[in-house]
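Encoded as structure tokens, the structure appears first; notes follow it.
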Amino acid sequence: MEIIRGLENLTKAYHNAIITLGNFDGVHAGHRRILERVKAASQSAGGTSIVITFDPHPVKVVNPQKGLKILTPFDIKAELIGKTGMDVLLCIDFNKEFSSIAPDYFIEEILVKRLQAAHIIVGHNYRFGKGKKGSTEVLRRRAAKFGFKFNVVRNVTSCGNVVSSSSIRHLLTRGDVVEARKLLGRPYFIQSQVITGTGRGKTLLQTPTANLSLPDELVPKAGVYVVRAAVDGVLYDAVANIGNNPTFGGIHTAYEVHLFDYDKYLVGNTIRVYFLKRLRDEKTFPSAEDLKTQIQKDISTAKKILAETPV
């Protein structure tokens with residue numbers, strides 16, 4: 001997949017461009033249905049499948065006080081979109097200036113003149129342009145004016161609810177990684193760098209952990225999780241803890257993972273952690289020995305769950 005970052009680096013038009021637009025945060029099941037339609041249309045027309053997305057997420061620019069935590073940073077989003085077989089990913093730098101562009105200008109100058117759109121496909125509630133005044137109806141009318149085809153893809157639902165990035169964020173803030181996985185169509189994962197920790201895991205609790213830097217994206221609710229962790233392309237069964245280590249009077253959020261059957265030095269490495277199930281809340285134990293006992297119980301439970309969970 002060709003990746004273009006910034007409109008200034010868009011130096012050519014593409015043959016028979018079949019285009020979709022959106023934030024695609026999480027690249028969830030609903031997003032993938034749209035991408036599948038784009039791919040099918042491009043193959044049928046002998047054209048080029050193009051995804052247009054934005055970075056940073058528009059909410060971070062137009063409503064920063066909301067404190068939005070994204071599901072997928074751009075590099076991960078690009079990786080997931082690439083796996084769907086798209087030909088081109090155009091990432092537009094979203095800033096105050098771009099947010100003030102009128103929908104009609106965006107359609108005519110960028111989609112029609114610069115990309116020579118032959119067919120545009122978007123999700124059911126797609127909005128764009130200044131004040132979100134651009135809509136599927138606006139695109140439908142402009143399709144008739146400029147001569148490109150236009151289609152809307154119906155929402156994907158799960159248990160009667162529309163699959164959306166916001167609904168996935170809500171599930172993760174509750175720690176419900178099982179339901180989030182259903183909406184994503186994959187386990188939720190975070191990729192982060194291993195940093196130096198306190199050393200308590202190995203010396204005091206006899207359970208060495210990889211301490212991870214807190215990423216910019218959304219971290220699930222504090223607690224203990226059954227996970228799998230990828231190191232250098234190899235997947236390991238593991239447990240993860242997110243919280244402030246209250247037994248030791250911690251006040252800052254820590255994010256650490258214990259990999260089963262792994263004893264190599266990890267500081268400086270990048271690990272991808274896949275969240276499979278939440279075991280329990282983090283809590284304060286009377287002593288380090290009590291915590292140590294509970295950790296061994298957590299590991300035993302996790303191993304049983306992982307034995308029944310396909311890789």
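Readers should treat all values here as calculations from the given coordinates under stated rules, not as data from a laboratory. Note that this is a predicted model, so its numbers are computed, not measured. All Cβ positions, even for glycine, are placed from backbone atoms using ideal geometry, and neighbour counts span all protein chains on display.
Reachable aspartates and glutamates from Lys69, Cα under 12 Å, same-chain residues fewer than 8 places away excluded?
Within the straight-line cut-off, Lys69 pairs with Asp25, Asp216, Glu217.
Express in % the proportion of alpha carbon pairs of the chain at distances exceeding 27 Å.
49
Principal axes first, then extents: for the Cα atoms of the stretch 1-133, list largest minus smallest coordinate on each axis, whole Å, largest first.
Largest first, the stretch 1-133 extends 44, 30, 28 Å along its Cα principal axes.
Would you mind computing, in nm to one decimal, how far apart the modelled labels at Arg280 and Cys159 are, each placed 7 Å from Cα along Cα→Cβ?
2.5
Determine the dipole magnitude for the chain: charges of +1 sit on the beta-carbon of Lys and Arg, -1 on that of Asp and Glu, nothing else is charged, the reference point is the Cα centre, and the result goes in debye to the nearest 20.
Dipole about the Cα centre, nearest 20: 1040 debye.
Compute the separation of the alpha-carbon centres of the stretch 71-132 and the stretch 267-305 and state it in Å as a whole number.
41
Treating only the Cβ of Lys, Arg, Asp and Glu as charged (+1, +1, -1, -1), what charge dipole size does the stretch 57-204 show about its Cα centre? Round to the nearest 20 debye.
340
Using a/c under 1.5 as the rounded threshold, could you call the stretch 257-311 rounded, prolate or oblate? The axes a ≥ b ≥ c are square roots of the C-alpha gyration tensor eigenvalues, and prolate needs a/b larger than b/c, oblate otherwise.
Verdict is oblate for the stretch 257-311.
Tell me which of Asn63, Ala78, Ser100 sits at the most positive position along the dipole axis of the chain, charges placed on C-beta atoms (Lys, Arg +1; Asp, Glu -1).
Positive-end residue among those listed: Ser100.
Between Ala144 and Lys12, what length in nm is gained on full extension when 0.36 nm per residue of separation is reduced by their alpha carbon distance?
45.1 nm
Suppose R0 equals 35 Å; then what is the FRET efficiency for Thr270 and Ser99 from their Cβ-Cβ distance, rounded to the nearest 0.05?
0.60
Based on other C-beta atoms within 10 Å, arrange Val162, Val153, Val226 from fewest to most.
Val162, Val153, Val226
Only helical DSSP H runs with n ≥ 4 go in: add -39500 (n - 2.57) per run for the chain, normalise by residue count and round the 222 nm mean residue ellipticity to 500 deg cm²/dmol.
Value at 222 nm, helices only: -8000 deg cm²/dmol.
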